[in-house]
Amino acid sequence: MSNYHVSKNKETKEWDIQKEGAKRSSGSAGTQKEAERIAKGFAANSGGGEVRIHDLKGKIRDSDTVAPGNDPNPPKDKKN
């Protein structure tokens with residue numbers, strides 16, 4: 001089980017996908033939506049986890065649990 005973060009790289013202008021605790025990114029994409037999709041795939045392949053999406057200022061704006069992860073506080077919204 002692994003958690004991933006999606007955030008904007010100010011140098012490359014791309015959206016980086018970084019495994020929690022890693023020093024380097026696991027990948028990148030041109031759009032935040034694409035990076036989020038890739039990060040969810042990485043999390044699913046590692047047995048589930050959380051994908052945390054950061055805004056342009058670096059603050060977490062959204063977090064999604066990827067199955068088979070166990071979300072102790074499932075969201076009430078049904079958008080994701």
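Taken together, the values in this text are just the output of simple stated rules run on the coordinates, not laboratory data. Source: prediction; values computed, not measured. Every residue, glycine as well, gets a Cβ built from its backbone with ideal geometry; the counts of neighbours run over all protein chains shown.
Remarks
- Dipole orientation for the chain: of the candidates Asn9, Phe42, Ser63, Asn9 has the Cα lying most toward the positive pole (charges on Cβ; Lys, Arg +1; Asp, Glu -1).
- Loop-exposed trypsin sites (Lys or Arg not before Pro) per DSSP, neighbour cap 16 Cβ within 10 angstrom, longest uninterrupted part of the chain: 25-56
- Diffusion coefficient of region 4-66 by Stokes-Einstein, Kirkwood radius over Cα pairs, 4 °C, 1.567 mPa s: 115 µm²/s.
- The C-alpha atoms of the chain define a longest principal axis, and helix 32-45 lies at about 50 degrees to it.
- Residue of Gly30, Gly48, Gly21 that the Gaussian network model of the chain assigns the largest fluctuation, springs spanning Cα pairs under 10 Å: Gly21
- Neighbourhood net charge (11 Å Cβ-Cβ; Lys/Arg +1, Asp/Glu -1) for Lys8: -1
- The charge dipole of the chain, taken about the Cα centre with unit charges on the Cβ atoms of Lys, Arg (+1) and Asp, Glu (-1), comes to about 200 debye, rounded to the nearest 20.
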